[in-house]
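Step one of this worksheet: look at the structure below.
The values are calculated or read from the model by the stated rules, or taken from the named source; none is laboratory data. Predicted model only: the values in this text are computed from it and were never measured. Backbone-built Cβ (ideal geometry, glycine too); neighbour counts: all protein chains shown.
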């Protein structure tokens, strides 16, 4: 495939380069042909104008002079100029004087009023017309100009001077050059060409209207004007076209001062020949390269086989060692996982110990109230007011339920995780954590703000460990605000397409950049010695990662620190 691609690229690039070179050459050759044609035409273009101002010609046309004198003058001028013929028409289009007056093909007395060049000049314009002579049967270019009685500008038009140019010699030079060049008129008829079989052929089929006009003007005598049918392939500038089975590159240019176009065609044979030669060379080179590659490949395979044989035993030894290391790693991972669970449990028990004072204060109040209600009930019994005992008993029952809720929450929080992941509503886990931390929040006079949606925010997790995350972060916020004049914790629960987001921010002093970088490392703490061991946030980080989430801490713009926990949202 690579060799084939290489051959294709070489052939394609060779074709493009060859075409580019041929186009540059064609443009230069076209400019040369255009220059030679314009030079041949411009050599005689002035002649009718000069002759039209001569007094003998003006007198002959106006009837004041002798036509024979004008004939001899035109003969002398034509011999000096080398034109094919030079003649004068009156206003009716009849020839009154001609340079060939003394030849069998004399134009004198002939009526050329049907010719377009006469119609153009009799109205004051220059005539420019190519056609086959109706008298001589020889093709040529006719250039005409009006004759004015009193001057070249404002005088009355009294006749027309015509010079006929036969460009056969220039056309023969084109044919001898061996290149393909041709000229087409406004109707697309090829008037001059280096290919004799293309002369008087058309680029496109002529319409009935154009063909009738050409016949009426007797422009191309009895020529059939068959079409090459290539006009649809030609645009201004350059391109490619096909004529029969031959393909050419073409360049086209408009000839200044006329409605003619000159074409230069370059056969595509040279492109094909170069591409064939390059293809042959690239195929041979590619074959040699492939043979070298195959030889080197075979040698490399032999060496590789020897190396494999030598290294087989070492690989077996490495595999055995790897199996031993994998077994050891699995054992270590199991031990680490057990250590992590123990650290989580130790952290929970440490949290319970630090919250014990606030919890004890919370339980002492109901106990004191129960004592009061019991004393009051005893007094009522002694006084015989037993009908009021129901209210005291109801109050005592309510207080015992409150105490049971506190102790029950302590029991729930202190139990070990089952390790089973199940759907957990983050709002419920947060409620449980806040119920546990309620006494400590009250003891610290800390305000709590919660912002959460009404719908559940479920994640695939373990309820006990989710509560541990909430407790660790909120307790960390309480510790950070110990010296703050205003203590306030804000908890925001939100969700997006696939994530539950919990943000817990405080009004503490915030954290330094160094502390933020090391915050979740084990045994790192910003607390005073004896106030913490630096495992709470490290354990929290591990729990969040186990649940497929992420946690980060940063300083809030309004002041204080903010912890952001992201967990995958569990949808129905």
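Quick check: is even one residue across segment 528-538 surrounded by 18 or more Cβ atoms within 10 Å (Cβ to Cβ), modelled with pLDDT of 90 or more and not in a loop (DSSP other than H, G, I, E, B)?
no
Identify the residue in segment 166-202 that is part of a loop (DSSP other than H, G, I, E, B) and free of Cβ contacts under 8 Å to residues at least 40 places away in the same chain and, among all such residues, is nearest to residue 46 (Cα to Cα).
So the residue we want is 187.
From the list 430, 437, which residue is out of contact with any strand residue (DSSP E or B) (no Cβ under 8 Å at 6 or more places or on another chain), surrounded by 21 or more Cβ atoms within 10 Å (Cβ to Cβ) and in a helix (DSSP H, G or I)?
The match here is 437.
Among all residue pairs at least 6 apart or on different chains, which show Cβ distances below 7 Å where the first residue, located in segment 91-105, is without any contact (Cβ under 8 Å) to a residue 60 or more places away in the chain and on the phi < 0 side of the Ramachandran plot and the second is in a loop (DSSP other than H, G, I, E, B) and crowded, with 21+ Cβ neighbours inside 10 Å?
Listed pairs, sorted by first residue: 95/107; 95/112; 98/107; 100/107.
Being in a helix (DSSP H, G or I), within 46 Å of the chain's Cα centre (by Cα), at pLDDT 85 or above and farther than 30 Å from residue 44 by Cβ narrows it down to one of 300, 270, so name that one.
So the residue among 300, 270 that is in a helix (DSSP H, G or I), within 46 Å of the chain's Cα centre (by Cα), at pLDDT 85 or above and farther than 30 Å from residue 44 by Cβ is 300.
Is there a residue in segment 216-228 that is in a strand (DSSP E or B) and under 17 Å from residue 250 (Cα atoms)?
no
Touching a helix residue (DSSP H, G or I) at 6+ places or on another chain (Cβ under 6 Å) and either part of a strand (DSSP E or B) or at positive phi (or both): which single residue out of 248, 264 fits that description?
Of the residues listed, the single one that is touching a helix residue (DSSP H, G or I) at 6+ places or on another chain (Cβ under 6 Å) and either part of a strand (DSSP E or B) or at positive phi (or both) is 264.
Would you call residue 241 touching a residue at least 60 places away in the same chain (Cβ under 8 Å) and in contact with a helix residue (DSSP H, G or I) (Cβ under 7 Å, 6 or more places away or on another chain)?
It is false that residue 241 is touching a residue at least 60 places away in the same chain (Cβ under 8 Å) and in contact with a helix residue (DSSP H, G or I) (Cβ under 7 Å, 6 or more places away or on another chain).
Given the criteria on the phi > 0 side of the Ramachandran plot and in contact (Cβ under 8 Å) with a residue 12 or more places away in the chain, does residue 229 qualify?
For residue 229, the condition - on the phi > 0 side of the Ramachandran plot and in contact (Cβ under 8 Å) with a residue 12 or more places away in the chain - is met.
Being surrounded by 16 or more Cβ atoms within 10 Å (Cβ to Cβ) and not in a strand (DSSP E or B) is the filter here; which residues of segment 229-245 pass it?
The answer is 230, 234.
Being surrounded by 13 or more Cβ atoms within 10 Å (Cβ to Cβ) and either under 60 Å from the mean Cα position of the chain (by Cα) or closer than 30 Å to residue 249 by Cβ (or both) is true for just one of 71, 59, 34, 42. Which residue is that?
34
Residues to consider are 498, 479; find the one that is surrounded by fewer than 20 Cβ atoms within 10 Å (Cβ to Cβ) and at pLDDT below 90.
Unique residue meeting the criteria: 479.
Looking at segment 24-35, can you tell me whether even one residue there is modelled with pLDDT under 90 and touching a helix residue (DSSP H, G or I) at 6+ places or on another chain (Cβ under 8 Å)?
yes
Which one is farthest from residue 72 (Cα to Cα), of the residues in segment 123-165 that are in contact with a strand residue (DSSP E or B) (Cβ under 6 Å, 6 or more places away or on another chain), outside any strand (DSSP E or B) and touching a residue at least 12 places away in the same chain (Cβ under 8 Å)?
124
Restricting to segment 200-221, give me the number of residues that are buried (at least 17 other Cβ atoms within 10 Å of the Cβ) and under 15 Å from residue 243 (Cβ atoms).
So the count comes out to 3.
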